[in-house]
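Before any comments, here is the structure.
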Amino acid sequence: MAEKSDLRNRINVMLFHFDQRLGPRLLFNVAEIQETRVTASLTRLMDFNFLQEMKAFVNAMANVVYSSMFFSIQNPLARGGIEQFMLSFVIFDPTITEYLTISSLEEEMSITISKLIELPELFILITYSNPILEDFPEVDNCLSSLRDNAIDNFQELFYGQFEGRKDAISQILGKIGFEAGKKILQRFNPDEFDSSRTFLDAILISPIITRWGDINVIHFDPDEKVATASVENSIWTDSLGVIATKACAYVEGMLEAIFSQILEEHIICNETRCAAEYSYVQNCIFQIAPRDISREMISYREDQTVREMGINERKQTVELIKEDIGKQIFHELDDPMIKLNKLFNKAPFISDFFFDMTKFLVVCNYWRYSDDIICNTCKEWIEKTSNAQIDLVKSKHRICEITYMDEED
Ligand SMILES: [Zn+2]
């Protein structure tokens, strides 16, 4: 069950102003965790282009889903006679329930905007270069109540209805998938197959399964009763696109039923990485393990899979660079900035990056995992691959700062 404190840490409310000369500018970020790097990157990555007046626009990127609403107020002193603002509601690491219901906040956001446009404070604060929220108590009150009300709504509607750590919609989808998996098994006669593996393969290539995605068994150990499977073109991720959260609870349930039958034990299936989480990830990874093994053992096995995935993806990156420009030519490029740019472009696990004055801000798919899974060797790997000296600082929040040193330094 998601705790209220967990929601408080993950939910931000942001107010932007459109300066005619400077473009969009963040005025306030109402959040539990304030980190300038995160707000700076959010401001850059947020999409201001699709906004229509007083209409919520939902988008997802880099582990964040947000709903934004644009509004304007009359100001005879401003160019064009109006001041333009954007109100954004941001959820970090959303659950699928949160993703699917964020648009229901549109009404709550409209109410906030209707209060904001009445406030004389709004005209004053835009004249400040770095306004501080405490100096504008009425605006503070509006933004904070939007955040509080939304947290209450999410809490009441969707949490605590089910036991367990998954959110409500994932649990429902998982249950349906499990029942579907049991139905699918009824079409097969286990006696027709000489081993558990041939039985499994026959199930996984049947059209009734492949309609949900192409399933590949990466690792299968019937004695230990563990397995790892990847699913490409899952119907859930293909239809939802990048939503910054895992989307395949149905497949989890279905695989749970199938592998429980194959391994003759009630196993659990856990999606460790989903293609819906990141724009660059092509397939979803599922970990299968006995239900009664300890949580530590499961997370140890997941870590091993993730580490192997990371090593493979690094190899792939180098292959892609070799194919595209040749490893040698890439190495001989003078400018470390160009080399790093090309490297980040090719790496499948880097979902976003941008250059900020003197350093790269890199959004990496492996941020979720503890440092010793893959992060600890990253600096070394980047230096070796690009032949450039770098300094790497991992932020608490999913973004790495990578500064390169010029060769003369
Ligand atoms: Zn998935």
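Each reported figure results from applying straightforward, stated rules to the coordinates on display, with no laboratory input. All of these numbers come straight from a predicted model, not from anything done at the bench. Note that each Cβ is placed from the backbone with ideal geometry, even for glycine, and that neighbours are counted across all protein chains shown.
Show me 195-203, 322-330 ranked by packing, highest mean number of other Cβ atoms within 10 Å first. Intermediate results must be reported in sequence, preceding the final value.
Working: 195-203: 15.6, 322-330: 12.7.
Order by mean packing, descending: 195-203, 322-330.
Determine the sum of side-chain charges near Asp140: Lys and Arg each +1, Asp and Glu each -1, restricted to other residues whose C-beta is under 13 angstrom from that of Asp140. All intermediate terms of the calculation are to be shown ahead of the outcome.
Details: positive: Lys115, Arg147; negative: Glu121, Glu134, Asp135, Glu138, Asp148.
Overall, the nearby charge balance is -3.
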Seminar exercise, completed: The long-range amide H neighbours of Ala247, using H built 1.01 Å from N in the peptide plane and a cut-off of under 5 Å, are Ala276
Exercise. Which value, to two decimals, describes the C-alpha radius of gyration of segment 312-404 once divided by 2.2 N^0.38 Å?
Worked result: 1.01
Exercise. Could you give the radius of gyration (one decimal) and Dmax (whole number) of the Cα atoms in the chain, in Å?
Worked result: 24.3, 82
For this session: Normalise the Debye intensity by I(0) for segment 4-158, one equal point scatterer per Cα, no solvent, then take log10 at q = 0.11, 0.14, 0.15, 0.16 Å⁻¹ and round to two decimals.
Result: -0.40, -0.65, -0.76, -0.87
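Sorting Met337, Met405, Met61 on the 10 Å Cβ count, fewest up front, what's the list? Each step should come with its number before you reach the end.
Details: Met337 14, Met405 11, Met61 19.
So the residues, fewest neighbours to most, are Met405, Met337, Met61.
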